[in-house]
Amino acid sequence: MSAANGVRRVWVGQNGLLSTPAVSAVIRERVGVDGSKATGAFILTASHNPGGPHEDFGIKYNMENGGPAPEAITDKIFENTKTITEYLIAEDLPNIDISTIGVANFSGPEGQFDVEVFDSASDYVKLMKSIFDFELIRKLLSSSKFTFCYDALHGVAGAYAHRIFVEELGAQESSLLNCVPKEDFGGGHPDPNLTYAKELVARMGLGKSDSAVDPPEFGAAADGDADRNMILGKRFFVTPSDSVAIIAANAVNAIPYFSSGLKGVARSMPTSAALDVVAKNLNLKFFEVPTGWKFFGNLMDAGLCSICGEESFGTGSDHIREKDGIWAVLAWLSILAFKNKENLNGDKLVTVEDIVRQHWAIYGRHYYTRYDYENVDAGAAKDLMAYLVKLQSSLDEINSSVKGARSDVSNVVNADEFEYKDPVDGSVSKHQGIRFLFEDGSRLVFRLSGTGSEGATIRLYIEQYEKDSSKTGRDSQEALAPLVSIL
């Protein structure tokens with residue numbers, strides 16, 4: 001289709017394996033032998049909305065800045081699908097061997113057409129080495145006291161794990177789990193969370209049964225296209241909301257790329273407010289945006305945001321315009337290496353858990369959970385959201401109900417339906433979720449998605465803020481119980 005529509009050259013990652021963040025890096029960083037730059041990219045990913053004959057992948061388009069196409073572009077594409085009557089395809093081009101690096105030249109319908117197969121990791125690895133102190137991380141990984149485990153869940157991250165963690169950073173080959181990319185993800189679900197990353201969770205000592213083997217100090221997992229991540233310490237889970245806040249709080253000291261300071265930070269609206277507290281304490285610009293990485297991209301292009309994240313295990317920075325799972329792992333390794341640079345020969349390393357608990361002691365803890373109600377009748381779901389909007393008109397009535405259920409829950413001081421006006425292009429995104437904001441910094445958030453005839457999903461986010469350092473070590477269920485009981 002590219003050849004038939006006048007495209008002169010197509011770049012393809014070797015074996016067709018490119019992570020979503022690597023695609024963004026290639027668009028932004030790679031220069032062809034003839035000085036050419038990519039003008040955009042098509043990504044076929046199981047991590048996107050389902051498409052294809054078996055609905056096992058989705059098609060995503062990234063722009064010349066390396067980020068997802070904004071709504072103005074995707075809306076225009078959608079409108080074009082309503083009127084298209086034909087498409088062009090060059091059916092007589094020979095098959096390309098995408099397992100071999102090199103350039104294949106053809107005579108296409110519109111002139112010469114080239115297909116260049118390139119090493120999938122080289123541009124991305126070069127970018128990572130310009131951001132992080134690989135030598136400092138290597139010293140940490142070479143310490144006999146530090147053990148490491150990375151699980152690619154048989155996704156595309158496996159194409160990068162050996163190159164970065166073993167070849168560049170000196171980790172043991174045995175520290176890599178499920179790093180052979182497979183079309184069916186080895187029969188598993190490539191979602192980096194406590195439910196699906198079962199092998200890693202067990203190895204890190206968080207499984208249901210106790211293991212006699214001492215867990216590694218640090219563990220991480222990736223999703224299918226390597227843009228999301230999960231961070232674990234020994235018998236310790238780091239929430240995505242805490243992860244982005246801790247990276248932001250330590251970035252200037254621990255990551256060379258940020259040594260001159262952060263331009264600003266941002267999070268998606270449903271993500272906990274842990275990042276807000278860091279921004280306030282460090283006097284950083286802060287942005288709360290709708291769910292969708294494209295909103296972060298606008299801020300980054302305008303030089304307003306350095307680090308961002310979302311509660312659904314996505315973390316990233318302005319080095320590219322996508323969330324980046326391996327970047328997040330390297331950020332955590334950088335923080336651990338920095339905290340331990342004078343301590344590698346000492347009695348005990350500073351651990352992941354130590355770093356998180358120190359963070360809570362300074363900034364407070366945002367206890368956080370999410371409930372998903374799936375396949376809800378679409379009409380009933382819309383009625384519920386309309387009722388919640390109507391309820392927001394009377395805070396006195398809300399607080400009377402709250403106090404009637406639990407006297408120890410603070411008052412709701414603000415309630416709204418989240419609406420975002422982009423500070424860069426002025427676009428407005430409405431109906432992004434319903435928020436109830438409490439006096440002590442706690443929140444209840446309701447979001448609706450998938451309102452087609454098949455049913456809808458209602459997501460409920462519950463967040464309890466605790467500033468008292470003597471209470472930041474409680475079990476999450478205990479801390480959230482008062483808020484849960486008022487629902």
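The values are calculated or read from the model by the stated rules, or taken from the named source; none is laboratory data. Keep in mind it's a predicted model, so treat the numbers as computed, not measured. A quick note on method: Cβ atoms are made from the backbone with ideal geometry, for glycine too, and the neighbour counts reach across all protein chains shown. Ligands, DNA and RNA are excluded from the accessible area calculation, which covers all protein heavy atoms including side chains. Shrake-Rupley method; radii C 1.70, N 1.55, O 1.52, S 1.80 Å.
Would you be able to say whether some residue in segment 308-315 is assigned to a helix (DSSP H, G or I), in contact (Cβ under 8 Å) with a residue 24 or more places away in the chain, within 30 Å of Ser470 (Cα to Cα) and not charged (D, E, K, R)?
no
Looking at segment 41-94 only, could you name the residues that are β-branched (Val, Ile, Thr), in contact (Cβ under 8 Å) with a residue 40 or more places away in the chain and not in a strand (DSSP E or B)?
Matches in segment 41-94: Ile89 only.
When residues of segment 390-419 are filtered for being part of a strand (DSSP E or B), buried (at least 17 other Cβ atoms within 10 Å of the Cβ) and not small (Gly, Ala, Ser), how many remain?
So in segment 390-419, the residues part of a strand (DSSP E or B) come out as 412-417.
Now restrict to residues that are buried (at least 17 other Cβ atoms within 10 Å of the Cβ): 412, 415.
Then drop every residue that is not not small (Gly, Ala, Ser), which leaves 412.
Final tally of qualifying residues: 1.
Being closer than 21 Å to Ile98 by Cα, in contact with a His (Cβ under 6 Å, 6 or more places away or on another chain) and among the small types (Gly, Ala, Ser) is the requirement here; does Gly58 meet it?
Judged against the criteria, Gly58 is a match.
Out of all the residues in segment 103-125, which are under 21 Å from the mean Cα position of the chain (by Cα) and either of a type in the set (Val, Ile, Thr) or part of a helix (DSSP H, G or I) (or both)?
Asp123, Tyr124, Val125
From the list Tyr371, Tyr387, which residue is assigned to a strand (DSSP E or B) and not hydrophobic (A, V, I, L, M, F, W, C)? Give the derivation first.
Values: Tyr387 fails: assigned to a strand (DSSP E or B).
Result of the check over Tyr371, Tyr387: Tyr371.
Looking at Ala302, Ala361, Ala337, which is the one that is in contact (Cβ under 8 Å) with a residue 60 or more places away in the chain, over 17 Å from Pro68 (Cα atoms) and open to solvent by 40 Å² or more (accessible area, probe 1.4 Å)?
The match here is Ala361.
Of Ile320, Ile326, which residue is among the aliphatic types (A, V, I, L, M), modelled with pLDDT of 95 or more and outside any loop (DSSP other than H, G, I, E, B)?
Among Ile320, Ile326, only Ile326 is among the aliphatic types (A, V, I, L, M), modelled with pLDDT of 95 or more and outside any loop (DSSP other than H, G, I, E, B).
Evaluate the following for Val352: is it at pLDDT 95 or above and farther than 23 Å from Met269 by Cα?
Yes: the conditions hold for Val352.
Test Ala266 against the stated conditions and say whether it is in contact with a helix residue (DSSP H, G or I) (Cβ under 6 Å, 6 or more places away or on another chain) and outside any strand (DSSP E or B).
Taking the combined requirement at face value, the residue does not satisfy it.
Yes/no matrix, rows are residues, columns are (1) out of contact with any Gly (no Cβ under 7 Å at 6 or more places or on another chain); (2) farther than 21 Å from Leu136 by Cα; (3) crowded, with 24+ Cβ neighbours inside 10 Å:
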site	(1), (2), (3)
Thr239	yes, yes, no
Ser259	yes, no, no
Met269	no, yes, no
Ser272	yes, yes, yes
Lys280	yes, yes, no
Leu284	no, yes, no
Phe287	no, yes, no
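Touching a residue at least 40 places away in the same chain (Cβ under 8 Å) and either within 18 Å of the chain's Cα centre (by Cα) or at negative phi (or both): is that true of Asp276 in this structure? Write out each step before concluding.
On the way: touching a residue at least 40 places away in the same chain (Cβ under 8 Å): no; either within 18 Å of the chain's Cα centre (by Cα) or at negative phi (or both): yes.
No; evaluated as a whole, the condition is false for this residue.
Any chance you could count how many residues in segment 227-263 are of a type in the set (S, T, N, Q) and either touching an Asp or Glu at 6+ places or on another chain (Cβ under 6 Å) or assigned to a helix (DSSP H, G or I) (or both)?
4
Looking only at segment 135-170, which residues are buried (at least 20 other Cβ atoms within 10 Å of the Cβ) and either assigned to a helix (DSSP H, G or I) or of a type in the set (Asp, Glu) (or both)?
Residues satisfying the conditions are Ile137, Leu140, Leu141, Asp151, Gly158, Ala159, Tyr160, Ala161, Ile164, Phe165.
Right, Gln464: of a type outside the set (Asp, Glu), touching a residue at least 60 places away in the same chain (Cβ under 8 Å), surrounded by 15 or more Cβ atoms within 10 Å (Cβ to Cβ) and in a loop (DSSP other than H, G, I, E, B) or not? Write out each step before concluding.
Details: of a type outside the set (Asp, Glu): yes; touching a residue at least 60 places away in the same chain (Cβ under 8 Å): yes; surrounded by 15 or more Cβ atoms within 10 Å (Cβ to Cβ): yes; in a loop (DSSP other than H, G, I, E, B): no.
Judged against the criteria, Gln464 is not a match.
Just to be sure before I move on: is Leu437 under 28 Å from Arg365 (Cβ atoms), without any contact (Cβ under 8 Å) to a residue 24 or more places away in the chain, open to solvent by 30 Å² or more (accessible area, probe 1.4 Å) and among the aliphatic types (A, V, I, L, M) in the structure I sent?
no
Can you pull out every residue in segment 194-205 that is in contact with a helix residue (DSSP H, G or I) (Cβ under 9 Å, 6 or more places away or on another chain) and touching a residue at least 24 places away in the same chain (Cβ under 8 Å)?
Scanning segment 194-205 gives a single hit, Leu194.
For Ser317, indicate whether it is open to solvent by less than 10 Å² (accessible area, probe 1.4 Å), touching a helix residue (DSSP H, G or I) at 6+ places or on another chain (Cβ under 8 Å) and hydroxyl-bearing (Ser, Thr, Tyr). So that I can check it myself, show each step before the final result.
On the way: open to solvent by less than 10 Å² (accessible area, probe 1.4 Å): yes; touching a helix residue (DSSP H, G or I) at 6+ places or on another chain (Cβ under 8 Å): yes; hydroxyl-bearing (Ser, Thr, Tyr): yes.
Against the criterion (open to solvent by less than 10 Å² (accessible area, probe 1.4 Å), touching a helix residue (DSSP H, G or I) at 6+ places or on another chain (Cβ under 8 Å) and hydroxyl-bearing (Ser, Thr, Tyr)), Ser317 qualifies.
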